[in-house]
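Right, one structure below, let's go through it.
The values are calculated or read from the model by the stated rules, or taken from the named source; none is laboratory data. Note that the coordinates shown come from a computational prediction; the quantities given were computed from them, not determined experimentally. Please note: Cβ atoms are built from the backbone with ideal geometry, for glycine as well, and neighbour counts cover all protein chains shown. Note: accessible area is taken over every heavy atom of the protein model, side chains too, but ligands, DNA and RNA are not part of it. Shrake-Rupley method; radii C 1.70, N 1.55, O 1.52, S 1.80 Å.
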Amino acid sequence: MFRLMGSIYKDTHILKSTVICDDTRDSRTKKVFHALDAICHEFDLSSPIWLDANIKDFQKFSKVRFSQDNFIEKLDFDYFQLQVIEED
C-alpha cells in the first residue's frame with residue numbers, strides 16, 4: 001500500500017489535510033503524481049511546479065514543501081506539503 005499525505009499550512013497550523021491511498025502496481029512516480037492530482041483537486045488548488053530543490057528534497061526525505069514560488073496564482077496559505085507516509 002502506498003499512502004501520500006497532503007497538507008496546507010498557515011502560521012504553523014494545518015488548515016487542510018488528506019491522505020490518498022494507492023494499491024496499484026504503478027511506479028512510485030506515477031503513484032505520487034496521481035495522488036498529487038487527487039489532493040490538488042480536493043483542495044481546489046492548481047498543481048505546483050516542481051523545482052530542482054523540490055525534487056531533491058522529495059527523493060531524499062520522501063517529503064516536500066511547495067511555497068508561493070511553486071504556484072502561479074497567489075496563495076492564501078504559507079505552504080503545501082506532501083509526505084509519503086507508507087510505502088511497500
Check off (1) surrounded by 11 or more Cβ atoms within 10 Å (Cβ to Cβ); (2) out of contact with any Phe, Trp or Tyr (no Cβ under 8 Å at 6 or more places or on another chain); (3) hydroxyl-bearing (Ser, Thr, Tyr) for Ser67 and give me the number that stays unchecked. (2)
In region 1-31, residues that are in contact with a His (Cβ under 8 Å, 6 or more places away or on another chain) and either within 16 Å of Ser67 (Cβ to Cβ) or open to solvent by less than 20 Å² (accessible area, probe 1.4 Å) (or both) total 1
Pairs where the first residue, in region 59-88, is closer than 17 Å to Ile39 by Cα and among the basic types (Lys, Arg) and the second is in a strand (DSSP E or B) and open to solvent by 20 Å² or more (accessible area, probe 1.4 Å), C-beta under 7 Å, 6+ apart: Lys63/Gln83; Arg65/Tyr79
Tell me, yes or no, whether region 32-51 has at least one residue that is open to solvent by 80 Å² or more (accessible area, probe 1.4 Å), at pLDDT 95 or above and closer than 15 Å to Glu86 by Cα. no
